[in-house]
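Down below is the structure, laid out as structure tokens.
Each reported figure results from applying straightforward, stated rules to the coordinates on display, with no laboratory input. In this text, all values refer to a predicted model and were calculated from it rather than measured experimentally. So basically every Cβ, Gly included, is an ideal-geometry build from the backbone, and we count neighbours across all protein chains shown.
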């Protein structure tokens, strides 16, 4: 019982922190489930399912605050959606799955750990072909591993100076939502079923996501907590890569 309580408290925290920057939290959920020894075949669909609910509420909050830019979003999405569906059809070896996830967890570690982007200076015109290629690659990985892809897309957009932080968060939230839906659709072709315990996880993650996205869209900053989460994700990455 105590272990379950700790798990749900951490689940709430992950959803809260990720949604505050427009992310669904799949990489955090996967790290958390890795710590609590969930089976790899359970981790991927569960993370995608939680991602859908949290990224949806995050998108709504950022959209209402006027940060969403359709012209930034659509080139990534049209390539990523079919790629994520294909990725969801691919069965990944358990050892390889853990290695890929361990590497991908390093992206939010860098993002949450305090890497600063000068995102409001020198905003550049977005390239169509690079966006399609980036979207397709991220979509394929998203479906294979069980993430929405926001942990990779956000730093890419900011490093290329295609949007500021708030716009990036809004675009990432919807990108995560559509990729998670596509990836889960691919898993459903393999007779995936929603288990009763997942419903409680959805409720907890949704509440955390609601609180985090509301405060994030209103310029909330939780620098210390984000760095703590980054340390946890780094530990999970090391655990997945070297054990």
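Remarks
- A simple spin-label model places pseudo-atoms 7 Å from Cα toward Cβ; at residue 197 and residue 90 they are separated by 2.8 nm.
- Zone of residue 122's modelled label, taken as backbone nitrogen in the stretch 159-189 under 20 Å from a point 7 Å along Cα→Cβ: 159-168
- With 0.36 nm allotted per residue and the present C-alpha distance subtracted, the residue 137-residue 37 stretch has 33.2 nm of extension available.
- Computed from the Cβ-Cβ distance with R0 of 45 Å, the FRET efficiency linking residue 129 to residue 215 stands at 0.75.
- Result for the chain in a Gaussian network model with C-alpha springs under 10 Å: among 19, 131, 213, the largest mean-square fluctuation is at 131.
- Choice from 184, 50, 96 showing the highest fluctuation, given a GNM over the chain with Cα pairs closer than 10 Å: 96
- Cα→Cβ-extended label distance, 7 Å offset, between residue 238 and residue 8, nm: 3.1
- 222 nm mean residue ellipticity, helices alone, for the chain (DSSP H n ≥ 4; -39,500 (n - 2.57); rounded to 500): -25500 deg cm²/dmol
- Which label in [x] 15.6; [y] 20.2; [z] 11.8 gives the computed mean projected area of the Cα convex hull in nm²: [z]
- Note on the stretch 1-145: Cα convex hull, mean projected area over all directions, 9.8 nm².
- Full-stretch length increase - residue 99, residue 160 - with 0.36 nm per residue and alpha-carbon distance subtracted: 19.2 nm
- Short-range pairs are left out: with C-alpha atoms under 8 Å and at least six residues apart, the relative contact order of the chain is 39 percent.
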